């Protein structure tokens, strides 16, 4: 009777449950190919990952909430050996395993209806006390969307808001780069294992996120390739970790709007950047605004709405002083996926010709930018 009462308490208060000593079995359970909710129910039913691993065939057959295919998945997975080695191998690679019942599992994520059974983390998890904003949008974005993704993410990050996104091409990557350029912290949620950078050309951004005290997060085990079916489910984690979702550019049917829908279901605020009525990449945003989403007028207005202090232009803090002042970072912040010539960069940066050319040469030698034709440059990472 006492054991039953203790088990009931654990089921009611998963946040208070201590991390099990047999963590290699939880690691094994998290890697099973079945919905996160089913893994959660299975562990609640059996009380531990170890108990699931050693479950008898007769008991597997009697579990009503599992499909025949899921029961067979468990049977096949029970044949696996070397569980401790697999768990320790991930730890040796700097990958932290955080199951839903661990004290450091993100509370906001655990409160969502379809939370991941566990997350794998390189670096750190978002701070529980900080405001968090997801910046999402089209992969093939326009210069307009790119500019405001960098501007909003950068200004918010400069004021202490943590930026969540998916490391994808386009808006995601530009928003995360904008946060880093202002000395902020950003977190990438992947549709692959945390040890698999996708897209590959974002390895520089991936590395910079970790070096600047951010984190790489996934619900998929280490080594998982970036297959298409992994990306829609990861969007619920992007919105689940955030307090608000900012959609910078989106077609009428896009993954960004799926993220916005998930955010609304999770009780998050959704904002959209208004765009030209004749732009296909702004139709999704304009539709969101028509349906009641908040309008992104300026990052300053958003910070005021959130009652957060706004760092004034030219104001310095110890963390981002160097980032804001160097000519190289000034030039880099003006470049994007669309080519700009030297004259345009000179006008935007207000740098002298010699200082500008020195900065361009330095950035090109370091692999941050690329000259695609004479005097025309783009970001390389």
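Read-outs throughout are calculated quantities, based only on the coordinates presented, and are distinct from any laboratory measurement. All of these numbers come straight from a predicted model, not from anything done at the bench. Glycine gets a Cβ as well: all are built from the backbone with ideal geometry, and neighbour counts include every protein chain shown.
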### Message
Suppose we keep just the DSSP beta bridges with both residues in the chain; what percent of those would be antiparallel, to 5?
### Response
40 percent
### Message
Give me the extension gain from residue 69 to residue 350: residue separation times 0.36 nm, minus the current Cα-Cα distance, reported in nm with one decimal.
### Response
94.8 nm
### Query
Where does helix 255-265 land angle-wise versus the long Cα axis of the chain, in degrees 0 to 90, nearest 10?
60 degrees
### Query
Within the P(r) computed for the chain, what percentage of the Cα pairs occupies the region above 27 Å?
52 percent
### Message
Using only DSSP helix segments of four residues or longer, with each worth -39500 (n - 2.57), what per-residue ellipticity at 222 nm results for the chain after dividing by its residue count and rounding to 500?
### Response
-13000 deg cm²/dmol
### Task
Return one number: the angle in degrees, 0 to 90 and rounded to the nearest 10, between the long axis of the Cα atoms of helix 36-46 and the longest principal axis of the Cα atoms of the chain.
30 degrees
### Query
So what is the relative contact order of the stretch 14-165, in percent, for Cα pairs below 8 Å that sit 6 or more residues apart?
25 percent
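What do the square roots of 5 times the Cα gyration tensor eigenvalues come to for the stretch 326-379, in whole Å, largest first, as semi-axes of the equivalent ellipsoid? Present the calculation step by step, with values, prior to reporting the outcome.
Numbers: eigenvalues 40, 30, 20 Å².
The answer is 14, 12, 10 Å, longest axis first.
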#### Entry: Inter-probe distance in nm under a simple model that places probes 7 Å from Cα toward Cβ, at residue 295 and residue 326
4.0 nm
### Query
Order of 272-283, 85-96 by packing, highest average Cβ count within 10 Å first?
272-283, 85-96
### Task
Would you mind calculating the relative contact order of the chain from Cα pairs under 8 angstrom and at least 6 residues apart, reporting the percent as a whole number?
13 percent
### Message
With the crude spin-label approximation of a point 7 Å out along Cα→Cβ, what separation in nm comes out for residue 91 versus residue 45?
### Response
3.0 nm
### Message
Give me the one-decimal Kirkwood hydrodynamic radius in Å for the stretch 171-246, with the sum taken over alpha-carbon pairs.
### Response
12.7 Å
### Task
Using all C-alpha to C-alpha distances in the stretch 35-91, build P(r) with 10 Å bins and read off the rounded percent in each one.
20, 55, 22, 3
### Task
Please give the helix 171-181 orientation as an angle from the longest Cα principal axis of the chain, in degrees from 0 to 90, rounded to the nearest 10.
70 degrees
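Please state the relative contact order of the stretch 326-379 as a whole percent: Cα pairs under 8 Å, 6+ residues apart?
Numbers: 60 pairs, mean separation 25.2, N = 54.
Answer for the stretch 326-379 is 47 percent.
Note the per residue figure in Å³ for the convex hull of the C-alpha positions in the stretch 62-135. Please list the in-between numbers first.
On the way: hull volume 11.8 nm³, N = 74.
Measuring per residue, one finds 159 Å³ for the Cα hull of the stretch 62-135.
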